[in-house]
1. All but one of (1) more than 16 Å from DNA strand C (Cβ to nearest atom); (2) part of a loop (DSSP other than H, G, I, E, B); (3) under 15 Å from the mean Cα position of the chain (by Cα) hold for A:ARG213; which doesn't?
2. Test A:ARG120 against the stated conditions and say whether it is part of a strand (DSSP E or B) and either more than 24 Å from A:ALA178 (Cα to Cα) or within 13 Å of DNA strand C (Cβ to nearest atom) (or both).
3. Quick check: anything in the range A:82-100 in contact with a Ser or Thr (Cβ under 6 Å, 6 or more places away or on another chain) and within 16 Å of DNA strand B (Cβ to nearest atom)?
4. Name the residues in the range A:182-223 that are within 16 Å of DNA strand B (Cβ to nearest atom) and touching a residue at least 24 places away in the same chain (Cβ under 8 Å), would you?
5. Check whether at least one residue in the range A:80-102 is in a loop (DSSP other than H, G, I, E, B), among the small types (Gly, Ala, Ser), within 16 Å of DNA strand C (Cβ to nearest atom) and in contact with an Asp or Glu (Cβ under 7 Å, 6 or more places away or on another chain), and report yes or no.
6. Given the structure, is A:VAL14 closer than 30 Å to A:VAL139 by Cβ and in contact with a Gly (Cβ under 9 Å, 6 or more places away or on another chain)?
7. Take A:SER126 and tell me if it is in contact with a strand residue (DSSP E or B) (Cβ under 9 Å, 6 or more places away or on another chain) and within 24 Å of A:LEU170 (Cβ to Cβ).
8. Within the range A:102-134, how many residues are within 17 Å of A:GLU41 (Cα to Cα) and among the small types (Gly, Ala, Ser)?
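The values are calculated or read from the model by the stated rules, or taken from the named source; none is laboratory data. Just so it is clear, the structure is predicted and the values come from calculations on it, not from any experiment. No Cβ is skipped: glycine too gets one built from the backbone with ideal geometry, and neighbour counts run over all protein chains shown.
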Amino acid sequence: MPELPEVETVANGVHARIHGQTIRSVWTSNKPQTFKSPPDEIIEALTGSRIERVHRVGKTIVVDLSRKDLSRKKKPAQFLVHLGMTGRLVICEPAAEIAKHTHLIAKLASGRELRFIDPRMFGKLSVHLHPGGFDPGGVEPLEVSEERFVALFRGRKTPIKSALLNQKLLRGVGNIYADESLFRAGIRPGRRAAAITREQLGKLHRAVQEVLREAIALGGSSINDYVDADGEEGFFQLQHRVYGREGEPCLLCETAIRRVVLAGRSSHYCANCQK
DNA sequence: AGGTTGACCTGGACGC
DNA sequence: TGCGTCCAGGTCAACC
């Protein structure tokens, strides 16, 4: 479900509520698809650790942990949460009803609980124990310079839409924001990356950053069941210009928005405004 | 090697 | 009310 702006919203919300707290105990479901690290390893790393910081790397939520009791000599670890399509990370009172498809509950020193819920089980939980910190590859779209951004696509024969979704190039852009960025840049999703001019790529760089920044400011896009750590919906879906608007008039020229399938994903564009 | 496709899952919306 | 079909914001293995 979530792309960079939604993951950032959730990570910031969770950080504000639970950073500095110690995890007293952890329960996990026994659904193997959800756990990229063995559940025992996750329980071991989390229990007794303090939550130093919750932040975002690409589409992954990273929870930096440290041991409160250094006597146990355990290495600091990072707890990684990937929300997949339908994953949710919520903070609630222990009395709150346990939702169907709950896969992890961490009891905190404050008495509240951090819970991970994921019906489709495309989300993944793991621990990262190596020094240097979690690095999935790719560059952060909000930090990358125009020059490096342009270089990412040089010589690539794949459609620009597929390249934008490739997390080893840019990390964090997903289907909605790829379509919205391409619309703002005036580039059709099916154009070969290598065939796009340097000037247009510069425009795309600005469009990607603009779209992501606007979406973060509005708390992300709520489609179906996405909500942030407070249960609040985002509002960026009201700003979508092409995503989910097949057959509706382009907001600039009134041409009907088209939908095609690229890299197995729905891709929306205006045939008149995007070349 | 780079690029594309299906599989992984559940559930909601829609048509009959 | 129910059943079948299609669709979904992500990723990865397997294939060309």
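1. In the conditions (1) more than 16 Å from DNA strand C (Cβ to nearest atom); (2) part of a loop (DSSP other than H, G, I, E, B); (3) under 15 Å from the mean Cα position of the chain (by Cα), A:ARG213 misses (2) alone.
2. On the way: part of a strand (DSSP E or B): no; either more than 24 Å from A:ALA178 (Cα to Cα) or within 13 Å of DNA strand C (Cβ to nearest atom) (or both): yes.
No; evaluated as a whole, the condition is false for this residue.
3. First pass over the range A:82-100, keeping only residues in contact with a Ser or Thr (Cβ under 6 Å, 6 or more places away or on another chain): A:82.
This time we only want the ones that are within 16 Å of DNA strand B (Cβ to nearest atom), so: A:82.
Yes, the range A:82-100 contains at least one residue that is in contact with a Ser or Thr (Cβ under 6 Å, 6 or more places away or on another chain) and within 16 Å of DNA strand B (Cβ to nearest atom).
4. Narrowing the range A:182-223 to residues within 16 Å of DNA strand B (Cβ to nearest atom): A:182, A:187-196, A:201, A:222-223.
If the condition is that a residue be within 16 Å of DNA strand B (Cβ to nearest atom) and touching a residue at least 24 places away in the same chain (Cβ under 8 Å), then A:LEU182, A:ILE187, A:ARG188, A:PRO189, A:GLY190, A:ARG191, A:ARG192, A:ALA193, A:ALA194, A:ILE196, A:LEU201, A:ILE223 are the ones that fit.
5. As a first pass, look at the range A:80-102 and keep what is in a loop (DSSP other than H, G, I, E, B): A:83-87, A:93-101.
Restricting the remaining residues to those that are among the small types (Gly, Ala, Ser) gives A:84, A:87, A:95-96, A:99.
If we keep only those that are within 16 Å of DNA strand C (Cβ to nearest atom) as well, we get A:84, A:87.
Now drop any that are not in contact with an Asp or Glu (Cβ under 7 Å, 6 or more places away or on another chain), which leaves A:84, A:87.
Yes, that holds for at least one residue.
6. Spelling it out, it is not the case that A:VAL14 is closer than 30 Å to A:VAL139 by Cβ and in contact with a Gly (Cβ under 9 Å, 6 or more places away or on another chain).
7. Numbers: in contact with a strand residue (DSSP E or B) (Cβ under 9 Å, 6 or more places away or on another chain): yes; within 24 Å of A:LEU170 (Cβ to Cβ): yes.
Taking the combined requirement at face value, the residue satisfies it.
8. Qualifying residue count for the region: 2.
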